[in-house]
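Read the structure below first, then the notes.
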Amino acid sequence: GTTLASAAAGKGRYFGTAVAASHLGESAYVSTLNTEFDSVTPENEMKWDALEGTRNSFSFGSADRIVSHAQSRGMKVRGHTLVWHSQLPGWVGGLGAADLRSAMNHHITQVMQHYKGKIHSWDVVNEAFQDGGSGARRSSPFQDKLGNGFIEEAFRTARAADPGAKLCYNDYNTDGVNAKSNAVYAMVKDFKARGVPIDCVGFQSHFNSASPVPGDYRANLQRFADLGVDVQITELDIEGSGSSQATSYGTAVNACLAVARCTGITVWGVTDKYSWRSGGTPLLFDGNYHKKPAYHAVLSAL
Ligand code: XIL
């Protein structure tokens, strides 16, 4: 393949990027997107605050623009994200338990039905575990008021809303074997044992010098795949530049390719110009949309 998407397709994988609706009027952004990628993840437009800032009043406009761009170009769409403690409108945190449960299920159902048939994988729950060694759940309105069962309730509701979408749990600092990934692993194992509908686990894979690509990345992806779920690299970016950044990107891509159930890779943005890591250069295209050494390393790994 001569593009990221065509090379990945040759290996049976998709190659995606996060996209912001606000950049879809920029020709260099759009041409790079259209040429190189075959899956998109709305970077912010499908988060709760963007879609339902006011209870039961849904604003799908920006997310719809990304979905229709993708569909007109034959790209797939990852849905991100239904239940997350962040970018959550204030009204959600003010609800009592019974009301919060119905608001959560209503949000999942309305959003998934709106996009039914158009999303290959949904991040149903994002970042529900704490960092560090405890393996505990992160405090959030959902965790604090509904308890541990909120995650499986969200997945059951999601399955009913769009049975054709793959349902993923997504998190960061779970890329290698550690206490946090062990806790997610135990949850997925339990879900599979009890028939809770889960199809995939997303590994965000935001890497930097303090948190480099783990040496056991492949082994960690493989142990999750061995539970009977797909795995996906969902938000890949790697701080740095030049050949060391390129080498790390190659290592990350090779980890996915070595795991049969690693179905695709998404990088968290098209160009360094718009990376969420302000001032950083963690992506495959520089601010002028020129291919970086990291791009060439990914293409040759694929
Ligand atoms: C980030 C976006 O890239 C930013 O534009 C926004 O300001 C904050 O969220 N984990 C996730 C993503 O799951 O949704 C986050 O995206 C990055 C970390």
Can you list residues from other chains, or at least 5 along the same chain, whose modelled amide H is less than 5 Å from the amide H of residue 79?
120, 121, 122, 123
Sequence order, region 206-219: Karplus ³J(HN,Hα) from phi using 6.51 cos²θ - 1.76 cosθ + 1.60, θ = phi - 60°, Hz rounded, Gly and Pro as x, gives 8, 10, 7, 5, 7, 9, x, 4, x, x, 10, 4, 4, 5
Any idea what the dipole of the chain comes to, in debye rounded to 20, about its Cα centre with Lys/Arg Cβ at +1 and Asp/Glu Cβ at -1?
580
How far is helix 179-194 tilted, in degrees, relative to the longest principal axis of the Cα atoms in the chain, given as a value from 0 to 90 rounded to the nearest 10?
60
Average accessible surface area per residue within region 39-177, 1.4 Å rolling probe, Å²:
37
Using only Cα atoms, find the angle between the long axis of helix 61-72 and the longest principal axis of the chain, and express it within 0 to 90 degrees, rounded to the nearest 10.
50
Rounded to the nearest 20 Debye, what is the dipole magnitude of region 77-136 about its Cα centre when Lys and Arg each give +1 and Asp and Glu each give -1 at the C-beta?
300
What distance in nm lies between label points placed 7 Å from Cα along the C-beta direction at residue 136 and residue 208?
2.5
Range of Cα positions in region 1-119 per principal axis (Å), largest first
53, 30, 22
Collect residues whose amide H, placed 1.01 Å from N in the peptide plane, falls under 5 Å from the amide H of residue 138; neighbours closer than 5 in sequence don't count.
129, 130
Can you tell me how much longer the chain between residue 291 and residue 71 gets when fully stretched, taken as 0.36 nm per residue apart minus their C-alpha distance, in nm with one decimal?
76.7 nm
From the cross-link list 76/116; 118/166; 180/273; 118/145, which pairs have alpha carbons spaced over 22 Å apart?
180/273; 118/145
Carbon and sulfur %, accessible surface of the chain computed with the full protein complex present, 1.4 Å:
48
Considering the Cα trace of region 180-271, what is its radius of gyration and what is Dmax, both in angstroms?
13.8, 47
Per the 1/(1 + (r/R0)^6) rule, R0 = 45 Å and r from the Cβ atoms of residue 28 and residue 91, FRET efficiency to 0.05 is 0.70
Once phi is turned into ³J(HN,Hα) by the Karplus curve 6.51 cos²θ - 1.76 cosθ + 1.60 with θ = phi - 60°, what whole-Hz value does each residue of region 290-302 show in order, with x for glycine and proline?
8, 5, 8, x, 4, 4, 5, 5, 5, 4, 7, 6, 6
Cross-link partners among aspartates and glutamates for residue 292, C-alpha distance below 16 Å, same-chain residues fewer than 8 apart left out?
36, 237, 239, 272
Set the Förster radius R0 to 25 Å, insert the Cβ-Cβ distance between residue 192 and residue 11 as r into 1/(1 + (r/R0)^6), and round the FRET efficiency to 0.05.
0.45
How high is the relative contact order of the chain, given as a whole-number percent (alpha carbon pairs under 8 Å, six or more residues apart)?
17
Express in whole angstrom the spacing between the alpha-carbon centres of region 26-51 and region 207-263.
22
What is the set of long-range amide H partners of residue 234 at a cut-off below 5 Å, with H atoms built 1.01 Å from backbone N?
203, 204, 266
Suppose only helical runs count, i.e. DSSP H with n ≥ 4. What mean residue ellipticity at 222 nm does that imply for the chain under -39500 (n - 2.57) per run, divided by all residues and rounded to the nearest 500 deg cm²/dmol?
-12000 deg cm²/dmol
As a test of understanding, state the convex hull volume per residue of the chain from its alpha carbons, in Å³.
119
Under the Karplus relation with 6.51, -1.76 and 1.60 and θ = phi - 60°, whole-Hz ³J(HN,Hα) for region 37-54, x at Gly and Pro, equal 10, 10, 8, 10, 10, x, 5, 9, 6, 10, 6, 4, 5, 6, 8, 9, x, 10
Under 20 Å from a point 7 Å along the Cα-to-Cβ line of residue 106: which residues of region 135-175 have their amide N that close?
141-147, 150-151, 153-162
With a Förster radius of 22 Å, plug the Cβ-Cβ distance of residue 258 and residue 35 into 1/(1 + (r/R0)^6) and report the FRET value to the nearest 0.05.
0.25
Below 8 Å, C-alpha to C-alpha, sequence gap of six or more: please give me the relative contact order for region 15-125 in percent.
28
Please express the shape of region 150-199 as an equivalent ellipsoid: the semi-axes are the square roots of 5 times the eigenvalues of the C-alpha gyration tensor, given largest first in whole angstrom.
22, 12, 8
Compute the helix-to-body angle for 242-257: its Cα long axis versus the longest principal axis of the chain, expressed 0 to 90° and rounded to tens.
60
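The values are calculated or read from the model by the stated rules, or taken from the named source; none is laboratory data. Just so we're clear, the structure is a prediction, and the values are computed from it rather than from any experiment. In this analysis, Cβ positions are derived from the backbone assuming ideal geometry, glycine residues included, and neighbour counts consider all displayed protein chains. These area figures cover heavy atoms from the full protein model, side chains too; ligands, DNA and RNA do not enter into them. Shrake-Rupley method; radii C 1.70, N 1.55, O 1.52, S 1.80 Å.
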